[in-house]
1. For a footprinting-style exposure proxy, rank A:VAL344, A:VAL334, A:VAL56 by other Cβ within 10 Å, fewest first.
2. What whole number of Å gives the distance from the Cα centroid of region A:84-118 to the Cα centroid of region B:8-69?
3. Helix B:87-98 against the longest principal axis of chain B: what's the angle in degrees, Cα atoms only, rounded to the nearest 10?
4. Loop by DSSP (not H, G, I, E, B), at most 11 other beta-carbon atoms within 10 Å: where is the longest site-free stretch of chain A for GluC sites (Glu not before Pro)?
5. How much of the DSSP bridge set in region A:44-175 is antiparallel, in percent, rounded to the nearest 5?
6. On alpha carbon coordinates alone, what is the Rg over Rh value for chain B, Rh being the Kirkwood radius?
7. Taking a ≥ b ≥ c as the square roots of the Cα gyration tensor eigenvalues, with a/c under 1.5 meaning rounded and otherwise prolate when a/b beats b/c, else oblate, which class fits region A:262-352?
8. Give, rounded to the nearest 20 debye, the magnitude of the charge dipole that region A:147-299 has about its Cα centre when Lys and Arg contribute +1 at Cβ and Asp and Glu contribute -1 at Cβ.
Amino acid sequence: MTPGIVPPFLLDRLASTDDPRLARAAAAARKTLAMPRPPRPTRRRLRLSIDGDALVAEAVPAPDRVISDAGNTENLPGRRVRSEDEPASGDSAVDEAYEGLGATYDFFWDAFARDGIDAAGGSLLATVHFGDDYDNAFWNGERMVFGDGDGDVFVGFTRSLSVIAHELGHGVTEAAGGLEYQGQSGALNESLSDVFGALAEQHHRGERADEASWLIGAGIFAAAVQGEALRSMKAPGTAYDDDVLGKDPQPGHMRDYVETDDDNGGVHINSGIPNRAFFLLATALGGFAWERAGLIWYRTLTAGTLSPTADFAAFARATLAAATTEYGEESEEVAAVRAAWAGVGVEEDAGS
Amino acid sequence: MPGADSDERFAILVVRSGGIAGLSKQWRAEPDPDRAPHWRELVESCPWDAPPTPPSGADRYQWRIEVHRGDTAVHRARLSDAQVEGPWRSLVDEVRQAASPGSGAR
């Protein structure tokens, strides 16, 4: 289906509602879904690889990247500065965003046969040079936005592939039905983006689970900051310990779960718990982490059965169900998923 | 400001949390009495009772803004990044400007 401004899952939900207050919207949604859509041409490219003695040529989908420059204002989208197939611009933030989106696209295609954020080849939109000394990168619901950092703490958010893939990952989660950005479901939303961020980087580097750093945002801190990254999936709470920033507050176990009203209920703090569960799974299974651990998490997200308000226990149950469907009940993978959640103190039986 | 005598000192606290880094940063301004009318006007122009809007997107900042008189918070609001515009933006910008340099700065 050609993607419209309203995602198909939302139209489906609206169309099937029997709430009398939404009768008109439901009828409109049904009408929209019934309308024939013109096929949209999908970008494709020829990819060459070597398999044994054979040269393999295959046509695979290609990304459609559009990078804009906000010119250090907070106005979006900014001026379009590099589109697909255009040469490097010479602006490092523009070119890092372009290359990073390409590497992330390749990861999602190679690992999960997913064609971009909407799984339908939609454009990957990004804006760089957002704001003045802006210390953040975010997903605004339709595009990825990157600040340059203030130079004292952060030196630019496009320098890290895991950050770029983290933001694109938010788009994938939203397109898959979303996880409410509050409390535990918000921490799961954050954790999925860290998982996709780490996996995109490992895929780009050809790293196996035991070789990877499992750091998110390595290389975006200024030299004066005492820290190596924003987060560590391997050892949550150890990414930085700095005079100004303080100590990395992430827990890696439910016994250390942080209750707070800030940060939408600690979505960037408690994500350490599912992050470490994923690390435990990936390193228990070994090999390339996207092949089994990543696939189980991806299937969990995209099965269409995950509630947008899922808590850690519900997500753990969903990963077990996804692993069972993919590999069978008695499989090594199912046992490893169960052990990973037990390792961070999440009881998948809770609340069931 | 409800219950605030014109000659009473007050303080404004702005806490920014979230963002991809999940780092909290805060600024506190305690206006001098001769500037109090200006600050009171800034505070009173903000829609403190407006309903909160759910966050959109991800990794946006979240803002907590409080006005304290003594130990009592006389106003408190939690805002999404998109809500920090108009009078909120003016208040936040002035608090950040007035806050002592070095609060969270390297």
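1. On the way: A:VAL344 24, A:VAL334 21, A:VAL56 10.
With the fewest neighbours first, A:VAL344, A:VAL334, A:VAL56 line up as A:VAL56, A:VAL334, A:VAL344.
2. Rounded to whole Å, the Cα centres lie 38 Å apart.
3. Between the helix axis and the principal axis of chain B, the angle is about 80 degrees.
4. Values: sites that count: A:GLU211, A:GLU259, A:GLU329, A:GLU330.
Result, exposed sites excluded: A:1-210.
5. Details: 15 of 23 bridges.
Bridges in region A:44-175 that DSSP calls antiparallel: roughly 65 percent.
6. 0.96
7. Numbers: a/c = 1.62, a/b = 1.37, b/c = 1.19.
Prolate, since a/c reaches 1.5 and a/b exceeds b/c.
8. Details: 10 positive and 23 negative charges, 156 e Å.
Charge dipole, region A:147-299, about its Cα centre: 740 debye, nearest 20.
We did not get these values from a lab; they are worked out from the coordinates using the rules stated. Quick caveat: nothing in here was measured; it's all calculated off a predicted structure. Positions of Cβ are backbone-derived with ideal geometry, glycine not excepted, and every protein chain shown enters the neighbour counts.
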